[in-house]
Amino acid sequence: MSNTLFDALLQGRSTGNGDLFIAADGSTCMSDQAFFDLVGRLSTLLIHTGVLPGERVAVQVPKCIEALALYVACLRAGAVFLPLNTAYTESELTYFINDAAPTVLVVDAQCQAMGERLMDASRVFSLATERGVACGGSVLSAAANITVIADVVTRHGDDLAAILYTSGTTGRSKGAMLTHDNLLSNGVTLVNAWRFTANDVLLHALPIFHTHGLFVACNVLMLSGGRMLFQPGFSTDAILGALSQATTLMGVPTFYTRLLADQRFSRDCVNHMRLFVSGSAPLLADTHRAFEQRTGQRILERYGMTETNMNTSNPYEGERIAGTVGPPLPGVEVRICDAHTGAEVAPGDVGVLQVRGPNVFVGYWQMPDKTREELLPDGFFITGDLAIIDEKGYVTIVGRSKDLIICGGYNIYPKELEQVIDQLPGVSESAVVGVPHTDFGEAVVAAVVAEPTAVGRTLNGEQIITQLGESLARFKLPRKVFFVDELPRNTMGKVQKNRLREQWQQVFS
Ligand code: MLC
Ligand code: AMP
């Protein structure tokens, strides 16, 4: 029996004496053997619950080792893993569950009742955690004494391994379908490009429901035979406390600006580290330089997407250029095209970045039209990022043709917020933009035109934010709401968001 990704991830771990997870003091949290056994039990539970190959398993649980084991267990059972941001509200979850129709849902133990409102109780499991450590829940108790089905379910390279939802410019989230080959090819490429080996310890503080923390970080570490120091989330104190045990760190730019803001973060703390990786959002060239000045090390910036995994990376050896995301990774092709005609632009000109390679997803779940719009017949995927390529082949992301805000590494589509704000009583119309923010890179600001009778009396900014929070995840909420008499429009009637961005450039600086 062969199972493309599962076999590769846990190759050698079933019999070895290694430790996949260690604690900040260097002691073992969970050995390879224990993780392998847990994965076997969880995958058997999924199969007993009726999960058939190709069926989805949705998981919205706090980060912990057992949550990662659920991902690997899905692969072992031939299922499609569907991780969900822990910040999503019930209303957001309802859409994902209806759209993906998973066979099993695993929720935070505190959300069992919500899970049972969304799906039949017999197919809802829970996982309880305390400060990042699993401490119970029906998924663990039901799997505790199970007799493991020895056979791993056969899966080929072109079978689906995961569906990750990404928000869309129309406001409707799209499920990006990723195959075993997509994930394995990119994982192997990154292990080689970034020189990961069994000697590595990754300080892991990212969430594991997105590409960065799940595939880039965990797949690379599992494939290389290295170890992970799992932290429930980012905390400067916890990172500083654990750095001495680590060899590498992967983070969004906010990780690096927060570390630099702390004077304890010094050259001495990181002398032993061999690699710092940044991605998911633009790393300011200033941050890159400040990091080098403080530590003597250059951050390696790379560029990727949920739909494609990683596309480009500054080199491990060779010049890491601040402000660029490096040349394409081996096996990945890139081209820069005109947004309207689709034709390749002249070398050095700005255009929309398109990518092709074994890493590129196979389409959006049950959205053939959307898939056709973005995934071209020749295999190139239209990223929606505006870029240039210099004469050395280095790519620089200069903007976005998609209306997207990236806040602390999380994507927020203005359309989704505008649709909800426009429905609120007293609101005539709205426009949502991202403006510079020292901690999060960008932050959400909403411009609201109130109906004449509503201003001051029935409508205020706080109230709008509170009402949005009833259906939208907290990270999407505007940090400020400004009331305006009218939205600036061009002669075609299109809202000029650049003028709003200019107007509020400084509100968070
Ligand atoms: C937290 N908050 C955010 C936020 N993170 N708001 C907007 N954007 C964010 N990213 C909210 C919290 O809900 C809280 O609100 C308030 O901000 C204060 O939170 P905090 O304690 O300061 O934040 P913290 O928990 O420390 O989180 C910040 C962070 C985190 C940067 C560490 O957001 C993070 O881990 N981001 C990584 C995201 C990621 O993994 N992206 C990869 C996507 S994959 P309140 O109201 O509750 O007080 C991808 C592809 C690729 O993009 O290329 O990698
Ligand atoms: P997501 O849909 O969450 O996978 O986010 C993907 C988007 O993040 C890309 O389309 C880019 O806009 C952005 N992104 C990822 N890495 C970088 C980077 N290093 N620099 C600039 N933008 C990035």
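Conditions: (1) out of contact with any strand residue (DSSP E or B) (no Cβ under 7 Å at 6 or more places or on another chain); (2) surrounded by fewer than 23 Cβ atoms within 10 Å (Cβ to Cβ); (3) closer than 26 Å to A238 by Cα. A69 meets all but one. Number of the miss?
Checking A69 against (1) out of contact with any strand residue (DSSP E or B) (no Cβ under 7 Å at 6 or more places or on another chain); (2) surrounded by fewer than 23 Cβ atoms within 10 Å (Cβ to Cβ); (3) closer than 26 Å to A238 by Cα, the one that fails is (2).
Mind checking which residues of segment 145-195 are of a type in the set (F, W, Y) and within 13 Å of ligand 2 (Cβ to nearest atom)?
Within segment 145-195, just Y165 meets the criteria.
Can you pull out the strands (runs of 3 or more DSSP E) entirely within segment 276-344 that have at least 1 residues that are under 24 Å from L183 (Cα atoms) and within 13 Å of ligand 1 (Cβ to nearest atom)?
Output list reads 300-305, 309-313.
Would you mind telling me which numbered condition in (1) of a type in the set (A, V, I, L, M); (2) surrounded by 19 or more Cβ atoms within 10 Å (Cβ to Cβ); (3) within 16 Å of ligand 2 (Cβ to nearest atom) A285 fails?
(2)
Filter segment 176-200 for residues that are surrounded by fewer than 19 Cβ atoms within 10 Å (Cβ to Cβ) and touching a helix residue (DSSP H, G or I) at 6+ places or on another chain (Cβ under 7 Å) and give the result.
D181, V188, T197, A198
Among (1) open to solvent by less than 50 Å² (accessible area, probe 1.4 Å); (2) within 15 Å of ligand 2 (Cβ to nearest atom); (3) in contact (Cβ under 8 Å) with a residue 60 or more places away in the chain, there is one condition L353 misses while meeting the rest; what is its number?
Going through the list (1) open to solvent by less than 50 Å² (accessible area, probe 1.4 Å); (2) within 15 Å of ligand 2 (Cβ to nearest atom); (3) in contact (Cβ under 8 Å) with a residue 60 or more places away in the chain, L353 breaks only (3).
Looking only at segment 393-422, filter to residues that are at pLDDT 95 or above and part of a loop (DSSP other than H, G, I, E, B); which one of those is farthest from ligand 1 (Cβ to nearest atom)?
Taking the candidates together, the pick is G393.
Checking K402 against (1) in contact (Cβ under 8 Å) with a residue 40 or more places away in the chain; (2) more than 16 Å from ligand 2 (Cβ to nearest atom); (3) not β-branched (V, I, T), which single condition isn't satisfied?
All conditions are met except number (2).
Is it the case that K370 is under 21 Å from L472 (Cα atoms), within 16 Å of ligand 2 (Cβ to nearest atom) and among the charged types (D, E, K, R)?
When the stated conditions are applied, K370 does not pass them.
Please state which one of L376, L386, L300 is open to solvent by 20 Å² or more (accessible area, probe 1.4 Å), in contact with a Lys or Arg (Cβ under 9 Å, 6 or more places away or on another chain) and either more than 15 Å from ligand 2 (Cβ to nearest atom) or closer than 30 Å to R267 by Cβ (or both).
L376
Just a yes or no: is a residue in segment 479-497 touching a residue at least 60 places away in the same chain (Cβ under 8 Å), over 30 Å from M114 (Cβ atoms) and in contact with a strand residue (DSSP E or B) (Cβ under 7 Å, 6 or more places away or on another chain)?
Looking through segment 479-497, at least one residue is touching a residue at least 60 places away in the same chain (Cβ under 8 Å), over 30 Å from M114 (Cβ atoms) and in contact with a strand residue (DSSP E or B) (Cβ under 7 Å, 6 or more places away or on another chain).
Does L259 satisfy the condition of being open to solvent by less than 30 Å² (accessible area, probe 1.4 Å) and more than 20 Å from the chain's Cα centre (by Cα)?
Against the criterion (open to solvent by less than 30 Å² (accessible area, probe 1.4 Å) and more than 20 Å from the chain's Cα centre (by Cα)), L259 qualifies.
Of the residues A205, A217, only one is touching a His at 6+ places or on another chain (Cβ under 7 Å) and within 10 Å of ligand 1 (Cβ to nearest atom); which?
None of the others qualify; the one that does is A217.
Could you grab me the full set of residues in segment 429-484 that are touching a Leu at 6+ places or on another chain (Cβ under 6 Å) and assigned to a loop (DSSP other than H, G, I, E, B)?
Passing the criteria: only L477.
Can you go through L38, L9, L5, L93 and tell me which one is in a helix (DSSP H, G or I), open to solvent by less than 10 Å² (accessible area, probe 1.4 Å) and assigned by TED's automatic domain parsing to the domain that holds D151?
When all the criteria are applied, what remains is L93.
Which number in (1) in a helix (DSSP H, G or I); (2) open to solvent by 10 Å² or more (accessible area, probe 1.4 Å); (3) closer than 21 Å to G175 by Cα marks the one condition that T86 misses?
Of everything listed in (1) in a helix (DSSP H, G or I); (2) open to solvent by 10 Å² or more (accessible area, probe 1.4 Å); (3) closer than 21 Å to G175 by Cα, T86 misses just condition (1).
Residue-by-condition table, conditions (1) more than 18 Å from S185 (Cβ to Cβ); (2) hydrophobic (A, V, I, L, M, F, W, C); (3) touching a residue at least 12 places away in the same chain (Cβ under 8 Å); (4) crowded, with 18+ Cβ neighbours inside 10 Å:
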position	(1), (2), (3), (4)
M310	no, yes, yes, yes
T324	yes, no, yes, yes
A346	yes, yes, no, no
V360	no, yes, yes, yes
W365	yes, yes, yes, yes
K370	yes, no, yes, no
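In segment 188-201, is there at least one residue being within 11 Å of ligand 1 (Cβ to nearest atom), on the phi < 0 side of the Ramachandran plot and not charged (D, E, K, R)?
no
The values are calculated or read from the model by the stated rules, or taken from the named source; none is laboratory data. Since the model is a prediction, treat every value here as computed from it, not as a measurement. Note: ideal-geometry Cβ built from the backbone for every residue, glycine included; neighbour counts use all protein chains shown. With ligands, DNA and RNA removed, areas are computed over all heavy atoms of the protein, side chains included. Shrake-Rupley method; radii C 1.70, N 1.55, O 1.52, S 1.80 Å.
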